[in-house]
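The values are calculated or read from the model by the stated rules, or taken from the named source; none is laboratory data. Since the structure is predicted, the reported quantities are computational estimates derived from the model, not experimental observations. Here the Cβ is made from the backbone with ideal geometry for all residues, glycine too, and neighbour counts use every protein chain on show.
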Amino acid sequence: MPEYILALDQGTTSSRAIVFREDGSEVSSAQKEIKQIFPHPGWVEHDPTELLHSQIDVARAALERLGSEIKYLSSACLTNQRETTLLWEKETGSPVYNAIVWQCRRSSSICDELKKRGFAELIHKKTGLLIDAYFSATKILWLFRQYPELMKRARNGKILFGTVDSWLLYNLTGMHLTDITNASRTMLFNINSLSWDEEILEELCIPPQMLPKVLPSCAEFGIVGKEIFAKEVPILGVAGDQQAALFGQGCFKKGSMKNTYGTGCFILMNTGKNPCYSEKGLITSPAWVINGKATYAIEGSVFIAGALIQWMRDRLKIIKDVRESDTIASSLEGNEGVYLVPAFVGLGAPHWNMDARGIICGLTRNAGYEHIVRAGLESIAYQSHDVIRLMEKETGIRANVLKADGGACKNDFLMQFQSDILGKSVARPRSVESTALGAFYLAGLRAGIFSGVAQIEKSIRVDREFHPGIGDDKRAQLLQGWERAVRKALLA
Ligand code: ADP
């Protein structure tokens, strides 16, 4: 008899639901966009009710498509946008404010204060993170400062905090829970003891009673009632989106890594049983805990990746469809010295310069829109290269293969160029839904569909593997050109 698992995937731009069969193939799915709320420049919010209802709606739509086969549905799992912060009333479950999204910069001045108070080192050592508005802690502090009664009520146990996973779990199962991967992005979680950090909570005056209980990603997270999904469904796996994707790509061995090519790029490398700390702004988090044993990951990101291709379509108007960029770039033999550095919002690791701005350079009279398109795609690969090289340098671990997923991994030119410039193979899996698949594997382990990660690894199918097609000299020459271009962007 088949066995189905429902994966809920609550992302930044949409809520999705996918029903997986026990072999990892998709049976049905549904998706709905989420409204992005921008109350001020640099602020981003989501409506908590919309997050919940869109997630329930897509799950119901995916389940309806199963018809009578819903009888095969045994459990559910959840993966979600990380760091996004919600507070709600314990008694009624009503949200007290909109969800403050990870991208929201409203708490940057609180971060500056914390740095001035000398907390950077302590936070880095204990949480693996840098003090940044990105993470949940200063978003909570911002709410407390804005609405001081919230802190009092939180102390009295009346207000609860959670990231999106906790918010959905509370409403779906009535349990106030989170998993280790989501907890580790709050800036309140000790990644060595794998528990909320008392010292940080005390220093930041965050009442521990408002925090969810933390479970490993592969555990029992409560049961969704019959009134929601027409039958009782236990939730057996929860993980933040990037860790879920690492798991879904089968990056189980130390040194295995994945890059998700979406709006930006998220690169995670499995660093094994020990956390590896970066001096140059990479982030350290638990990747997962299975059978009581933690595996850690180091993470870096590229701010502008697929967003650049959208920009070429919507603002430059040199392509009609993002997919066209593939054939246009491939129509040229080389970049002819044209480079594009998409430092639209500054440059992240390894440069860390928020004042850098985008440039196109190396133009000659022969340069046309094709060169700009090609330089744009190449820039995604160069930026990823810079993060990966930094990761290898700082961890002392070398990766052999890069596993790719996300919308832009469908671009063959980009994948080939990534492989050329890294001097490593790049593997694209058959199912690029790595995030949902990761949550499915976690629940599948708990449900006993998989006996261990070795069995999961065997079930992952590669669509295409790209191998380096240029020599070391050519690679060095191209990288030199890129580095020159980056230096110009830093001066911009
Ligand atoms: P996110 O999860 O960040 O919303 P997705 O993984 O859905 O992103 O990927 C969408 C991004 O990928 C968009 O920015 C889009 O420009 C880019 N993209 C999608 N398909 C292609 C393609 N064939 N070539 C280049 N970029 C692409």
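Against the definition (within 16 Å of the ligand (Cβ to nearest atom), at negative phi and within 19 Å of the chain's Cα centre (by Cα)), how does SER285 come out, yes or no?
Numbers: within 16 Å of the ligand (Cβ to nearest atom): no; at negative phi: yes; within 19 Å of the chain's Cα centre (by Cα): yes.
Judged against the criteria, SER285 is not a match.
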Residue in the stretch 47-56 that is more than 24 Å from ILE140 (Cα to Cα) and among the hydrophobic types (A, V, I, L, M, F, W, C) present
yes
Has the stretch 406-419 got at least one residue that is away from the ligand (no atom under 16 Å from the Cβ) and of a type in the set (Asp, Glu)?
no
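For every residue, the table says whether it meets (1) out of contact with any helix residue (DSSP H, G or I) (no Cβ under 8 Å at 6 or more places or on another chain); (2) within 16 Å of the ligand (Cβ to nearest atom).
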{"residue": "ARG323", "(1), (2)": "no, yes"}
{"residue": "GLU333", "(1), (2)": "yes, no"}
{"residue": "LEU340", "(1), (2)": "no, yes"}
{"residue": "ALA349", "(1), (2)": "no, no"}
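Being in contact with an Asp or Glu (Cβ under 9 Å, 6 or more places away or on another chain) and closer than 13 Å to SER54 by Cβ is the filter here, so list the residues in the stretch 1-31 that pass it. Step through it out loud before you land on a result.
So in the stretch 1-31, the residues in contact with an Asp or Glu (Cβ under 9 Å, 6 or more places away or on another chain) come out as 2-5, 7, 9-22, 26-31.
Of everything in the stretch 1-31, those that are in contact with an Asp or Glu (Cβ under 9 Å, 6 or more places away or on another chain) and closer than 13 Å to SER54 by Cβ turn out to be ASP9, GLN10, GLY11, THR12, THR13, SER14, SER15, ARG16, ALA17, ALA30, GLN31.
Among the residues of the stretch 386-404, is there at least one that is touching a Leu at 6+ places or on another chain (Cβ under 8 Å) and either among the hydroxyl-bearing types (Ser, Thr, Tyr) or within 13 Å of the ligand (Cβ to nearest atom) (or both)?
Within the stretch 386-404 (the criterion being touching a Leu at 6+ places or on another chain (Cβ under 8 Å) and either among the hydroxyl-bearing types (Ser, Thr, Tyr) or within 13 Å of the ligand (Cβ to nearest atom) (or both)), the answer is no, since none of the residues qualifies.
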Give the number of residues within the stretch 1-33 that are surrounded by 18 or more Cβ atoms within 10 Å (Cβ to Cβ), part of a strand (DSSP E or B) and within 16 Å of the ligand (Cβ to nearest atom).
10
Residues of the stretch 292-310 being in contact with a helix residue (DSSP H, G or I) (Cβ under 9 Å, 6 or more places away or on another chain), aliphatic (A, V, I, L, M) and within 11 Å of the ligand (Cβ to nearest atom), which ones?
ILE304, ALA305, LEU308, ILE309
Does any residue of the stretch 329-348 turn out to be in a helix (DSSP H, G or I) and either farther than 25 Å from ILE460 by Cα or of a type in the set (Val, Ile, Thr) (or both)?
yes
When you scan the stretch 265-286, how many residues do you find that are crowded, with 21+ Cβ neighbours inside 10 Å, of a type outside the set (Ser, Thr, Tyr) and under 17 Å from ILE388 (Cβ atoms)?
8
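Quick grid of which residues meet (1) hydroxyl-bearing (Ser, Thr, Tyr); (2) within 20 Å of GLY222 (Cα to Cα); (3) touching a residue at least 40 places away in the same chain (Cβ under 8 Å); (4) not in a strand (DSSP E or B):
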| position | (1), (2), (3), (4) |
| --- | --- |
| LYS35 | no, no, no, yes |
| GLY42 | no, no, yes, yes |
| ILE56 | no, yes, yes, yes |
| ILE70 | no, yes, yes, yes |
| LEU78 | no, yes, yes, no |
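Name the single residue, out of those in the stretch 255-280 being more than 16 Å from the ligand (Cβ to nearest atom) and among the charged types (D, E, K, R), that is farthest from SER425 (Cα to Cα).
We begin by selecting, within the stretch 255-280, every residue more than 16 Å from the ligand (Cβ to nearest atom); these are 255-257, 269-280.
Subset that is among the charged types (D, E, K, R): 273, 279-280.
Values: LYS273: 25, GLU279: 27, LYS280: 26 Å.
Once the filter is applied, the top-ranked residue is GLU279.
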For the stretch 316-336, pairs from a residue that is more than 15 Å from LYS410 (Cα to Cα) and at pLDDT 95 or above to a residue that is assigned to a helix (DSSP H, G or I) and within 10 Å of the ligand (Cβ to nearest atom), with Cβ under 6 Å and 6 or more apart or across chains, are ILE318/MET312; ILE319/MET312; ILE319/ARG313; ILE319/SER325
I'm told LEU130 meets every condition in (1) outside any helix (DSSP H, G or I); (2) closer than 27 Å to LEU51 by Cα; (3) hydrophobic (A, V, I, L, M, F, W, C) except one. Can you identify the failing condition by its number?
(2)
Taking the residues in the stretch 452-464 that are surrounded by 13 or more Cβ atoms within 10 Å (Cβ to Cβ) and of a type in the set (D, E, K, R) as candidates, determine which candidate is nearest to GLY438 (Cα to Cα).
GLU457
